[in-house]
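Colleague: Encoded as structure tokens, here's the structure I'll be asking about.
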Amino acid sequence: MIQLLDYFEDRNPIMFSSLHVLAGTGMKNNELCRLKVSDVRFDPILGGFYLHVFGKRNKQRDIPLRDKVMDSIVKYWKIRLLSAEFPSDSAERLFPNSRGQYFARLTTNESTQDF
């Protein structure tokens, strides 16, 4: 994984950011693809960001984000020319591609539209 991150860091920052989030959180690809902007949350007690993730069978869990991983998310958004603010009421996907689409097809119970 370190070799992949090293390879993509300068060559493809979009790929680097998504791989860095996967490696830094231990999430599954499907969980990453379903993340919304509102899933990025700030913990005022601990003073850091975390992801509120829905896994298998809609099981919820909170994954703390290291500063470098959060920096990768912000970098992804800046490259996509999006605002690096994460409003708690936003239903936008966290990792849209250049056409505003998303990495994966959602599960059939969510939608049949390609993302």
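Colleague: Which cross-chain or sequence-distant (5 or more) residues have an amide H under 5 Å from the amide H of Gly55, H modelled 1.01 Å from N in plane?
Modeller: Here Gln60, Arg61 satisfy the definition.
Colleague: Taking only the C-alpha atoms, wrap a convex hull around the range 2-79 and report its volume per residue in Å³ as a whole number. Intermediate results must be reported in sequence, preceding the final value.
Modeller: On the way: hull volume 7.2 nm³, N = 78.
Convex hull of Cα atoms, per residue: 93 Å³.
Colleague: I need the phi-derived Karplus couplings for the range 72-79: 6.51 cos²θ - 1.76 cosθ + 1.60, θ = phi - 60°, integer Hz, Gly and Pro marked x.
Modeller: Once rounded to whole Hz, the list reads 5, 5, 4, 4, 4, 5, 5, 5.
Colleague: Another question about this same structure. Using the beta-carbon distance between Asn12 and Glu85 and R0 = 25 Å, what value does 1/(1 + (r/R0)^6) give for FRET efficiency, to the nearest 0.05?
Modeller: Details: r = 25 Å, r/R0 = 0.98.
Working from the Cβ atoms, E equals 0.50.
Colleague: Which residue, Ala91, Val69, Leu51, has the largest displacement toward the positive end of the dipole of the range 1-106 when charges sit on each Cβ (Lys, Arg +1; Asp, Glu -1)?
Modeller: Working it through, the farthest residue towards the positive pole turns out to be Ala91.
Colleague: For Gly48, what residues show an amide H to amide H distance below 5 Å, using hydrogens built from the backbone and excluding near sequence neighbours?
Modeller: The answer is Asp43.
A short reminder: the numbers here are calculations on the coordinates, not readings from a lab. Treat the numbers as computed from the prediction; the structure is a model and nothing was measured. Here the Cβ is made from the backbone with ideal geometry for all residues, glycine too, and neighbour counts use every protein chain on show.
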